[in-house]
1. In the list Phe11, Phe61, which residue meets the criterion of being at pLDDT below 95 and either not aliphatic (A, V, I, L, M) or not assigned by TED's automatic domain parsing to the domain that holds Leu133 (or both)?
2. So which of Ile50, Ile85, Ile5 is closer than 30 Å to Asn138 by Cα, part of a strand (DSSP E or B) and in contact with a Ser or Thr (Cβ under 8 Å, 6 or more places away or on another chain)?
3. With the requirement that a residue be aromatic (Phe, Trp, Tyr) and either buried (at least 20 other Cβ atoms within 10 Å of the Cβ) or more than 27 Å from Trp67 (Cβ to Cβ) (or both), what does segment 183-213 give you?
4. Looking at segment 112-132, can you tell me whether even one residue there is of a type in the set (S, T, N, Q), in contact (Cβ under 8 Å) with a residue 12 or more places away in the chain and surrounded by 21 or more Cβ atoms within 10 Å (Cβ to Cβ)?
5. Pull up segment 15-44, narrow it to residues that are aliphatic (A, V, I, L, M) and closer than 20 Å to Gly178 by Cα, then point me to the one that is surrounded by the fewest Cβ atoms within 10 Å (Cβ to Cβ).
6. When you scan segment 133-144, do you find a residue that is without any contact (Cβ under 8 Å) to a residue 12 or more places away in the chain, surrounded by 14 or more Cβ atoms within 10 Å (Cβ to Cβ) and not aliphatic (A, V, I, L, M), even just one?
7. Would you point out which residue out of Glu64, Glu32, Glu101 is part of a strand (DSSP E or B) and more than 15 Å from the chain's Cα centre (by Cα)?
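The values are calculated or read from the model by the stated rules, or taken from the named source; none is laboratory data. These figures come from a predicted structure and were not determined experimentally. Note that we place each Cβ from the backbone using ideal geometry, even for glycine, and neighbour counts take in every protein chain shown.
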Amino acid sequence: MISVITWDAGFRESYHTVDYFSRQTLNRNQFEFIWADYYSTIKPELKEKIRAMGNGRTFCFNGEGRWHLGRCLNAAIRECKGDLIVIPDGDIVVGEDFLEEVVRCHEKYQDLVLYFRRWDELKPDTSTQKIDLSRLMNDCILTNPTNYGGCLTLSKKAFNYVNGYEEHLLFSEAGANGMELYTRLKNAGFPIMWHPTYKIYHPWHDGTSPKDSEYLQQLDLQKLLIKNRDLNIDYLADLNVIDINAQAHINNGSFPQNRVSFVQKLKKILLD
């Protein structure tokens, strides 16, 4: 059984990803589709679209405050049925044979961790263009050859071995969650492959824009931590703990909710 688990925090502008996974040529009895939302509300039109799939369901983490991809996905994966996990971004477009290709790769290579490169659409002349695979195949370009969040597939056993996504507040909201997980999977010795030919596509949308300075500062801090973990090969992840050295400086794991003061305090901890 395959579990396809995508995520949201109430901000998705389109639900086309559901449509493309509902068109898969792989038998529907072989996979389930889960739409996981960090908060507690899923729009009725999305619920109906997923219900119509026949093998789809929704999951609500019922979180509060700043959304957290890792906490949401970890909880959904704990409840999923599949031995093989597919984690696509919530706004990608894939071909109808996508899941068949995932199965083929994992049958060929034992313990494989498989990534798919995401090809991005630049801002179109009009935002009213229909999201269509054939158009995206012509219009999209490769802008980031190592976008870890485009789509990841791996066994549930491998995911659990490294303790899943990081759940610390440092990795809340947008950031380098995917790179951090990749680092631990690599250090744990799992064979990693970026699919050499199969492309997935990301339509442009209003949220596809440069991030603010606070976001970039937090991202830099995440990458600093990831570099430290890259050098600490035995580190798998202790949920809610930044790392062994930093933990001694943390008072009950609580940090300011204000992003600026939060980043400044963590930077001091990691650089001391």
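1. On the way: Phe61 fails: at pLDDT below 95.
Being at pLDDT below 95 and either not aliphatic (A, V, I, L, M) or not assigned by TED's automatic domain parsing to the domain that holds Leu133 (or both) holds for just one of Phe11, Phe61, which is Phe11.
2. Working: Ile50 fails: part of a strand (DSSP E or B); Ile5 fails: in contact with a Ser or Thr (Cβ under 8 Å, 6 or more places away or on another chain).
So the residue among Ile50, Ile85, Ile5 that is closer than 30 Å to Asn138 by Cα, part of a strand (DSSP E or B) and in contact with a Ser or Thr (Cβ under 8 Å, 6 or more places away or on another chain) is Ile85.
3. Looking only at segment 183-213, we keep the residues that are aromatic (Phe, Trp, Tyr), and these are 190, 194, 198, 201, 204.
Matches in segment 183-213: Phe190, Trp194, Tyr198, Tyr201.
4. No, there is no match, as no residue in segment 112-132 is of a type in the set (S, T, N, Q), in contact (Cβ under 8 Å) with a residue 12 or more places away in the chain and surrounded by 21 or more Cβ atoms within 10 Å (Cβ to Cβ).
5. Of the residues in segment 15-44, the ones aliphatic (A, V, I, L, M) are 18, 26, 34, 36, 42.
So of that shortlist, the ones also closer than 20 Å to Gly178 by Cα come out as 34, 36.
Values: Ile34: 22, Ala36: 26.
Among those that are aliphatic (A, V, I, L, M) and closer than 20 Å to Gly178 by Cα, it is Ile34.
6. Within segment 133-144, the subset without any contact (Cβ under 8 Å) to a residue 12 or more places away in the chain is 134-135, 138.
From what is left, the residues that are surrounded by 14 or more Cβ atoms within 10 Å (Cβ to Cβ) are 135.
Those still in the list that are not aliphatic (A, V, I, L, M) too: 135.
Within segment 133-144 (the criterion being without any contact (Cβ under 8 Å) to a residue 12 or more places away in the chain, surrounded by 14 or more Cβ atoms within 10 Å (Cβ to Cβ) and not aliphatic (A, V, I, L, M)), the answer is yes, since at least one residue qualifies.
7. Details: Glu64 fails: part of a strand (DSSP E or B); Glu101 fails: part of a strand (DSSP E or B).
Step by step, each of Glu64, Glu32, Glu101 is checked, and only Glu32 is part of a strand (DSSP E or B) and more than 15 Å from the chain's Cα centre (by Cα).
Let's see how each residue does on (1) modelled with pLDDT of 90 or more; (2) closer than 20 Å to Pro88 by Cα; (3) not in a loop (DSSP other than H, G, I, E, B); (4) not assigned by TED's automatic domain parsing to the domain that holds Asp111:
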position: Thr183; (1), (2), (3), (4): yes, yes, yes, no
position: His205; (1), (2), (3), (4): no, yes, no, no
position: Asp220; (1), (2), (3), (4): no, no, yes, yes
position: Asp238; (1), (2), (3), (4): no, no, no, yes
position: Val241; (1), (2), (3), (4): no, no, no, yes
